[in-house]
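Q: After the structure tokens below, expect a handful of questions from me.
The values are calculated or read from the model by the stated rules, or taken from the named source; none is laboratory data. Note that the structure is predicted; figures quoted are calculated from it, not measured. Counting neighbours? That spans all protein chains shown, and the Cβs are built from the backbone with ideal geometry, glycine included.
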Amino acid sequence: MRALRLAVLTTVLCSGLAAPQSAPAATHVARLVRITSTPALTPSYSPSIHDYVVRCNPATPVRFSAWAAAGTTAMIDGRSASSTAVRLEAGQAATIEGRAAAGETDYHVRCLPQDFPQWTEATVGSSGIWTIATPTLSLGTARSHYIVVFDEHGVPVWWYKARRVPIDAKLLPQPGGQSPAIAFSSFPASSEEYQVRRLDGTFVRRIVSPDGQIDDHELQVDSNGDYAFLVYAPKSGVDLTPFGGPADATVLQGEIEEVNPAGKLVWSWSTDGHVSMSESARWVKTILSMPVPLAGGVQGYDFFHANAVSLGRSIVLLSLRQTDGVYAIDRATGQILWKLGGTPTPESLTVVGDPADATDPLGGQHDARLLPDGTVTVFDDGTLLGRAPRALHFRIDPVARTATLIGEVSDPTVTSSFCCGSARLLASGNWLVSWGGDPVVGEYRPDGTPVWRLSFDGLFSYRIVPVALGELSADELRAGMDAMASR
């Protein structure tokens, strides 16, 4: 058991002239002073950290040693021993226990697969949150296939190896108290679905668009259980000569679709007729020079590049990377209520308090989120603007038509981001950030001081997603891993 059962010490009271009574012997609490392994534990042993990993080789057993405090017996993989070797395969775990009269304490050491992503950690403090990452993409051709849940100490307690390269993994609420599940898409979006699996790896369902063209950038769950996602819809016969392109071109419109749990379309919206291609003026050369290959050998031009949706009660927030803009859409009418960043339009807000650039507050932004208090967070990549990426927090005044910057963090080790990234404002006031096309992810205090940072070797995570306290437990994650790699 992870929690320690503490003995209650009884105080002997003396009365009158009675002779003093000797104190009862202390009841020992289970405590292991030190645990080591060959290969070495990650992280190094601490009594307060209960999950570890080792990069083991199935052909060579892992040798564990445990030093127990007085009154505690060390148990390694179910055997009373201070040192023993345990043969483990990828995903399997050994348990090291300390047993005493007052109870037990246990530690779990799991074997990493040989191709599991490499990472380094710098821990300044402990935040108490779980995070879901997909360190799967790189600046080159390297790819990984792992979805990973890290604990508050930066330890991968759970992972799943997908057949395709997974991105945008997140915990998906399940109805009726069902066991937790994780949803994820694949890169590139050739699978045209979000896949949902339980922690034991069992398949739950596919989330697809009614027309089969779901994109890989975003999936959100509404309060009523509906799913919202993005679709890149080709529109042919578009004249791009005003932008220096072909006269008869195919342009990828950005669409939002919302379907109910049965898969029926209940709401949709498209950039077509709402967002002008001229709003992508800063990106035109890039767009025309990098057409997207479509079915049948057709070349598509990605003028909008929708990459994030956030659902409110009456509005939907949409981020379009190629316009440098975040749009608030009226659910009832489909009209754009306001626009943050990008080429000025009648709906544009005036940015107040941004010391970096009030004219171009966003550059290829990602992960725009509408918070319950009406404020907005967004990850500003700063792409093609010559500045480092930032996590930003704005207060929106739709009457005064202003967006006031009320919070910002950056990381001095991250100087640029060409794509991707996420920024989530936590209940504590801290930020959880994936720094885009950069290997660093971390949690930061409001002044930018890192609580912890992870850096992936040669890979970056499209997003990193926090898990609210109480939504996942270590026992659930361990049980899921044990089921996928039973011994």
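Q: Can residue 42 be described as under 30 Å from residue 163 (Cα atoms) and either assigned by TED's automatic domain parsing to the domain that holds residue 428 or of a type in the set (Phe, Trp, Tyr) (or both)?
A: no
Q: Name the residues in the range 353-382 that are of a type in the set (Val, Ile, Thr) and without any contact (Cβ under 8 Å) to a residue 40 or more places away in the chain, would you?
A: 359, 375
Q: Follow-up question, since we're still on this one. Can you tell me how many residues within the range 373-384 are modelled with pLDDT of 95 or more and part of a loop (DSSP other than H, G, I, E, B)?
A: 6
Q: For the structure I just gave you, tell me whether residue 261 is touching a Lys or Arg at 6+ places or on another chain (Cβ under 8 Å), over 19 Å from residue 315 (Cα atoms) and modelled with pLDDT under 95.
A: Here the answer is no, as residue 261 does not meet what is asked.
Q: Could you pull out the residue among 90, 94, 69 that is surrounded by 15 or more Cβ atoms within 10 Å (Cβ to Cβ), outside the structural domain of residue 460 (by TED's automatic domain parsing), more than 19 Å from residue 158 (Cα to Cα) and not charged (D, E, K, R)?
A: 69
Q: Regarding residue 421, is this residue within 22 Å of residue 216 (Cβ to Cβ) and touching a Gly at 6+ places or on another chain (Cβ under 6 Å)?
A: For residue 421, the condition - within 22 Å of residue 216 (Cβ to Cβ) and touching a Gly at 6+ places or on another chain (Cβ under 6 Å) - is met.
Q: Criterion first (surrounded by 16 or more Cβ atoms within 10 Å (Cβ to Cβ), in contact with a strand residue (DSSP E or B) (Cβ under 7 Å, 6 or more places away or on another chain) and polar (S, T, N, Q)) does residue 174 satisfy it?
A: no
Q: So the check is Cβ under 6 Å with 6+ separation or different chains; which pairs have a first residue in the range 340-352 that's at pLDDT 95 or above and a second one that's part of a loop (DSSP other than H, G, I, E, B) and not charged (D, E, K, R)?
A: From the range 340-352, the pairs are 340/349; 341/361; 341/362; 351/358; 351/361.
Q: Within the range 305-324, work out how many residues are among the hydroxyl-bearing types (Ser, Thr, Tyr) and either outside any strand (DSSP E or B) or more than 19 Å from the chain's Cα centre (by Cα) (or both).
A: 2
Q: Here is a follow-up. Filter the range 203-254 down to the residues that are within 22 Å of residue 168 (Cα to Cα), touching a Pro at 6+ places or on another chain (Cβ under 8 Å) and not in a strand (DSSP E or B) and list them by number.
A: 225, 226, listed by residue number.
Q: Okay, next question. Would you call residue 172 under 17 Å from residue 262 (Cα atoms) and either in the same structural domain as residue 479 (by TED's automatic domain parsing) or among the β-branched types (Val, Ile, Thr) (or both)?
A: When the stated conditions are applied, residue 172 passes them.
Q: Identify, please: which residue in the range 134-180 is closer than 19 Å to residue 439 by Cβ, assigned to a loop (DSSP other than H, G, I, E, B) and of a type in the set (A, V, I, L, M, F, W, C) and is, among those, modelled with the highest pLDDT?
A: Filtering first and then ranking leaves 155.
Q: Follow-up. Working carefully through the options 36, 60, find the one that is among the polar types (S, T, N, Q) and either at pLDDT below 95 or farther than 29 Å from residue 122 by Cα (or both).
A: 60
Q: Can you spot a residue in the range 97-112 that is farther than 17 Å from residue 43 by Cβ and touching a helix residue (DSSP H, G or I) at 6+ places or on another chain (Cβ under 9 Å)?
A: no
Q: With part of a strand (DSSP E or B), among the aliphatic types (A, V, I, L, M), within 30 Å of residue 175 (Cα to Cα) and modelled with pLDDT of 95 or more as the only criterion, which of 433, 441 stands out?
A: 433
Q: Please determine, by comparing only the residues of the range 447-487 that are of a type in the set (A, V, I, L, M) and under 16 Å from residue 417 (Cβ atoms), which one is surrounded by the fewest Cβ atoms within 10 Å (Cβ to Cβ).
A: Here the residue is 459.
Q: Considering only residues of the range 409-446 that are surrounded by fewer than 19 Cβ atoms within 10 Å (Cβ to Cβ) and touching a strand residue (DSSP E or B) at 6+ places or on another chain (Cβ under 8 Å), which is farthest from residue 136 (Cα to Cα)?
A: 446
Q: Any residue in the range 214-235 that is without any contact (Cβ under 8 Å) to a residue 24 or more places away in the chain, surrounded by fewer than 18 Cβ atoms within 10 Å (Cβ to Cβ) and touching a strand residue (DSSP E or B) at 6+ places or on another chain (Cβ under 7 Å)?
A: no
Q: If you check residue 172 against the conditions, is it of a type in the set (A, V, I, L, M) and over 15 Å from the mean Cα position of the chain (by Cα)?
A: It is false that residue 172 is of a type in the set (A, V, I, L, M) and over 15 Å from the mean Cα position of the chain (by Cα).
Q: Name every residue in the range 181-202 that is polar (S, T, N, Q), at pLDDT 95 or above and not in a strand (DSSP E or B), in order of residue number.
A: Hit for the range 181-202 is 202, nothing else.
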